[in-house]
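> There's a structure below that I have some questions on.
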Amino acid sequence: MKNKITCLLAGAALFGATANAEIVLTDDLSAYGYIDMALTDGEGDGNTETAVAEFELGFAFTPAESKWSAVAELSFDSDTEFDDGGVTDSSAEFETVTISYQYSDTLSFTFGNIETYQGFETFDATGLYQFSYAGPESSSLYSAGYAVGASADGSIGDFDYGVWIGDSEGDRQATDSFEYYLGYNGIENLSVNIAIADDPYYDTDNIWASYDYGDFTFAVEYVATDYVDNDGTLAYNGVTYGEDFFAPAVFELDAMVYMVYKSFGNAGLTLRYTDASINLGGTDFDYEKTTISPSYAFSDNVFGLVEFSTEELDLPGGDTEQDTAAVELIYSF
């Protein structure tokens, strides 16, 4: 659903799920996916972690001469827990699971578990220019991820559009959640996108744009969200800030993200900066994050990167700063 701004690193920037070489199983069925391994380290607390961060396997069903198609993606990450009795908390879950009908060359209808329209940064590791997300402790700035519903997506000239209706994300089930999308691609190498979410528990305005200029990719994004059911807590740097500072109230987020990527053939370098203001329980504070991430494509399928990030949050009682480092290796197929 979301327009993923990705390209293959064999001469440009990144792997993207839409650019992976699919494994053709039959004339109508193909498979694709990736294995994501990562090592992360926080400053001075000995919390180095290594994990198979995610294994994703997808199947695309595209019968010849049929207007119907389907996609099913299964994601398995390292959060799964085991005990003597077996799996106690499985993190294996479906991501995109959809059935689509191509009404015409410019209009399609999709039903199932659909990804949000929101965001320049994708939820798949293969669509990111760095390891972490732009929010605190690698959290996403977006108010939605995947949810069950139906969408209509199409294009008119230089514009793409989409409308989605369905359930809210997670345990906030609501049948009157909406998302609207409009994208402009009428200028070569420029993409401008607007996503608006109208949910009983949040309202979001999301605008992002990217521009490719030679070996450079420039991106800027604005995210503004009002959460109306927040419990008045915020977890950051291993500490949960709650009733001592905030009362249950509306949580408001206003963020700008700036990114520059430079390609050096098979190598690349990403610079990203996040500047956000947050209001929680009537208290205002600021958040900043700076990321630098060199990367390299070892082959058409193997991609690696190193990331260094510094975060600062001006919480009540004083500023809190956190430095993190990560090493990531992705095998994409």
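Nothing in this text is a laboratory measurement; each read-out follows from the coordinates by a stated rule. Because the structure is a prediction, the values reported are computed rather than measured. Every residue, glycine as well, gets a Cβ built from its backbone with ideal geometry; the counts of neighbours run over all protein chains shown.
> How far, in nm, would the chain grow between residue 23 and residue 188 when pulled straight, counting 0.36 nm per residue and subtracting the alpha carbon separation? It would help to have the intermediate numbers written out before the result.
Working: separation 165, 0.36 × 165 = 59.40 nm, distance 3.10 nm.
Extra length available between residue 23 and residue 188 comes to 56.3 nm.
> Search the structure for amide H atoms under 5 Å from the amide H of residue 281, placed 1.01 Å from N in the peptide plane, and list their residues when 5 or more places away or on another chain.
The answer is 249, 250.
> Compute the length gained on full extension between residue 273 and residue 39: take 0.36 nm times their separation in residues and subtract their Cα-Cα distance, giving the result in nm to one decimal. Intermediate values should be presented prior to the final figure.
Working: separation 234, 0.36 × 234 = 84.24 nm, distance 2.19 nm.
Result: 82.1 nm gained on full extension.
> For region 257-333, just say rounded, prolate or oblate: build the C-alpha gyration tensor, square-root its eigenvalues into a ≥ b ≥ c, call rounded for a/c under 1.5, and beyond that prolate if a/b exceeds b/c, oblate if not.
The shape class here is prolate.
> All other residues with a Cβ under 9 Å from the Cβ of residue 141 taken together, and with Lys, Arg as +1 and Asp, Glu as -1, what is their net charge?
Numbers: positive: none; negative: 121, 221.
Net of charged neighbours comes to -2.
> Give the order of 319, 77 when sorted by the count of other beta carbons within 10 angstrom, beginning with the fewest.
319, 77
> With a ≥ b ≥ c the root eigenvalues of the C-alpha gyration tensor of region 110-200, is it rounded (a/c under 1.5), prolate (a/b larger than b/c) or oblate?
Cα axes put region 110-200 in the oblate bin.
> Using a cut-off of 9 Å between beta-carbons, work out the net charge of the residues near residue 165 (Lys and Arg +1, Asp and Glu -1, residue 165 not included).
Net charge around residue 165: -2.
> Run the numbers for residue 299 and residue 254: contour at 0.36 nm per residue of separation, minus the present Cα-Cα distance, in nm.
Length gained, residue 299 through residue 254: 12.3 nm.
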